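Rule-based calculations on the coordinates, nothing more; no lab input. Just so we're clear, the structure is a prediction, and the values are computed from it rather than from any experiment. Methodologically, a virtual Cβ is constructed for each residue, glycine included, from the backbone with ideal geometry; neighbour enumeration extends over all protein chains shown.
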Amino acid sequence: MRDNVINLKVVLANGDIVKTASRARKSAAGYDLTRLMIGSEGTLGVITEVTLRLQKLPEHSVVAMCNFPSIKDAADVAIATMLSGIQVSRVELLDGIQVRAVNIANGKNLPEVPTLMFEFVGTGEIEPFSLQNSPKLFLLCLMHLSFYA
């Protein structure tokens, strides 16, 4: 998300109002206050205005889910996936408690174990989850147990 934030208006603890960023696309002058404020998650000030970069909605989206015996196994596969070169749009890690909440809220019956959800997107004639990536992700997940798509 931080890459999509163009600028912020923030109220600091002493009451000062700070507007981050400028019209310049690139600058080496001073700290990147926008990323600093986003990274602080509200501890340095209250964000009152946000200017975001708009993204085109993808034409295709596919989600793959992998279940794991432990959070460590899930984290290892997430790292291995990123290092493998598979183009992933988004990765979400859910623990058993979060999966239980999804089951209750949506009437699902997913296994209540640590789970990785991978999202692949594509536009036009590009398939979001090509046949090239499918076996790679399957093998990465298989090394750490089960796979669902």
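Hey, can you rank 33-40, 99-106, 10-17, 52-59 by average C-beta count inside 10 Å, highest first?
Packing order, densest peptide first, comes out as 33-40, 99-106, 10-17, 52-59.
Could you work out the relative contact order of the range 62-122? I mean the mean sequence separation of Cα pairs under 8 Å and 6+ apart, divided by the number of residues, in percent.
Relative contact order for the range 62-122 comes out at 52 percent.
I want to check the label-to-label distance for Ile104 and Met117. Put each point 7 Å from Cα in the C-beta direction and report it in nm to one decimal.
In this crude spin-label approximation the distance works out to 1.7 nm.
State the extension gain, in nm to one decimal, for the chain segment bounded by Met82 and Leu57, taking 0.36 nm per residue of separation less the distance between their alpha-carbons.
Using 0.36 nm per residue and subtracting the Cα-Cα distance, I get 6.7 nm.
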